[in-house]
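Just below is one structure, and these are the notes that go with it.
The values are calculated or read from the model by the stated rules, or taken from the named source; none is laboratory data. Because the structure is predicted, anything quoted here is derived from the model rather than measured. Note that each Cβ is placed from the backbone with ideal geometry, even for glycine, and that neighbours are counted across all protein chains shown. When the accessible area is computed, the model is the full protein with side chains, heavy atoms only, and any ligands, DNA or RNA have been set aside. Shrake-Rupley method; radii C 1.70, N 1.55, O 1.52, S 1.80 Å.
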Amino acid sequence: MTDTLLAKPLLCIAHRGGSQQFSENTLAAFEESLNIGVDAIELDVWNLGGELLITHDRRLGKTLPGQGRLIDQHPQQLKELILACGNRIATLTEALQLIGDRATLNIELKSPDCADLVADTLEMFVRDNDLSFEHYVVSSFDHRQLYEFKQHLPQVKRGILVEGIPLHYATGFDELEAYSFHPSINFINADLVSDAQRHGFKVWTYTVNEEDDMQLMSELGVDGIFTDYPKRLMNLNAQCLSSSAAASCGDIDNDNDQDKISVS
Ligand code: G3P
Ligand code: MG
């Protein structure tokens with residue numbers, strides 16, 4: 001019998017595409033994460049002058065060369081930038097095309113005023129490519145935009161991002177009719193997890209990188225984690241599934257693909 005850190009496997013969501021192993025929020029990162037077989041990919045999207053670009057920070061200087069506020073840049077100039085990693089900033093459409101139905105895609109609405117454009121873009125992409133809306137989860141800390149998104153494209157799942165512990169835990173979010181609740185690892189406890197699950201939400205915690213924290217999330221009973229180190233979690237999941245404790249790992253739906261966890 002092998003020692004296993006995880007009480008149960010966790011949905012593996014490559015945070016920003018798996019940003020420690022690969023360059024964050026780039027097509028290269030998404031491709032690498034798909035190649036190792038992650039369950040899902042998370043990316044951050046901004047509406048910049050009518051273009052949906054994938055990047056995280058509100059200012060240049062870290063992943064994007066230069067300085068100043070992202071919203072002050074011309075989208076065409078941003079698209080021409082060469083990042084330190086040698087890649088270019090990608091559009092949401094390019095990411096949708098690359099990922100297709102190879103993994104679940106969590107699109108985080110980062111900028112103000114992006115819900116409608118993301119909904120239009122996603123709707124057109126899914127229709128034109130004969131895909132299913134099932135592959136997508138749209139999340140945001142901006143719950144008003146999530147609500148707006150729901151009005152526009154209700155068939156796409158919604159994920160509620162929270163930074164702290166809300167006064168009434170997962171109560172008060174009913175109008176969003178969300179699929180999942182995304183708390184921070186910095187503000188999580190068993191009561192929050194169980195209350196979210198009692199409301200019918202999957203619980204996906206961000207950003208969980210260390211093995212002992214992965215173990216803790218598994219003990220708390222969360223369903224999935226956003227991680228910059230997807231390979232690390234996948235190894236722990238494989239260990240869990242292959243150990244004689246596998247019987248107790250069975251409360252997550254497994255795809256036909258042995259090591260994959262499905263988003264259902
Ligand atoms: O969606 C989970 C996580 O990405 C939220 O925080 O700042 O990394 O986008 P952040
Ligand atoms: Mg994010």
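Just to be sure, is residue 187 touching a strand residue (DSSP E or B) at 6+ places or on another chain (Cβ under 7 Å) and within 23 Å of residue 110 (Cα to Cα)?
Working: touching a strand residue (DSSP E or B) at 6+ places or on another chain (Cβ under 7 Å): no; within 23 Å of residue 110 (Cα to Cα): yes.
When the stated conditions are applied, residue 187 does not pass them.
Would you mind stating whether residue 57 is outside any strand (DSSP E or B) and open to solvent by less than 40 Å² (accessible area, probe 1.4 Å)?
Numbers: outside any strand (DSSP E or B): yes; open to solvent by less than 40 Å² (accessible area, probe 1.4 Å): yes.
The answer is yes for residue 57.
Residues are listed down the side, and each one gets a yes or a no for (1) modelled with pLDDT under 95; (2) assigned to a loop (DSSP other than H, G, I, E, B); (3) open to solvent by less than 20 Å² (accessible area, probe 1.4 Å); (4) not polar (S, T, N, Q):
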{"site": "186", "(1), (2), (3), (4)": "no, yes, no, no"}
{"site": "204", "(1), (2), (3), (4)": "no, no, yes, yes"}
{"site": "208", "(1), (2), (3), (4)": "no, yes, yes, yes"}
{"site": "219", "(1), (2), (3), (4)": "no, no, no, yes"}
Since residue 169 meets every condition but one in (1) in a helix (DSSP H, G or I); (2) buried (at least 16 other Cβ atoms within 10 Å of the Cβ); (3) without any contact (Cβ under 8 Å) to a residue 40 or more places away in the chain, which condition does it not meet? (1)
Please verify whether region 75-90 includes one or more residues that are surrounded by 15 or more Cβ atoms within 10 Å (Cβ to Cβ) and part of a strand (DSSP E or B). yes
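Select from region 221-244 the residues that are more than 26 Å from residue 30 (Cβ to Cβ) and modelled with pLDDT of 55 or more and write down the one among them that is farthest from the chain's Cα centre (by Cα).
Within region 221-244, the first condition is being more than 26 Å from residue 30 (Cβ to Cβ), and the residues that meet it are 221, 242-244.
Pick out the ones that are also modelled with pLDDT of 55 or more and you get 221, 242-243.
On the way: 221: 18, 242: 26, 243: 28 Å.
Here the answer is 243.
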Looking at region 19-33, which of its residues are acidic (Asp, Glu) and surrounded by 21 or more Cβ atoms within 10 Å (Cβ to Cβ)? 24
From the set of residues in region 34-48 that are within 14 Å of ligand 1 (Cβ to nearest atom) and either within 21 Å of residue 75 (Cα to Cα) or polar (S, T, N, Q) (or both), which is surrounded by the fewest Cβ atoms within 10 Å (Cβ to Cβ)? 44
Test each condition in (1) buried (at least 23 other Cβ atoms within 10 Å of the Cβ); (2) without any contact (Cβ under 8 Å) to a residue 40 or more places away in the chain for residue 16 and report the one that comes out false. (2)
Restricting attention to region 41-53, does a residue exist that is charged (D, E, K, R) and in contact with a Gly (Cβ under 8 Å, 6 or more places away or on another chain)? yes
Hey, among the residues in region 104-127 that are touching a residue at least 60 places away in the same chain (Cβ under 8 Å), touching a Phe, Trp or Tyr at 6+ places or on another chain (Cβ under 6 Å) and not polar (S, T, N, Q), which one's most open to solvent (accessible area, probe 1.4 Å)? 110
Determine which member of the set 101, 130 is open to solvent by 50 Å² or more (accessible area, probe 1.4 Å) and either part of a helix (DSSP H, G or I) or out of contact with any His (no Cβ under 8 Å at 6 or more places or on another chain) (or both). 130
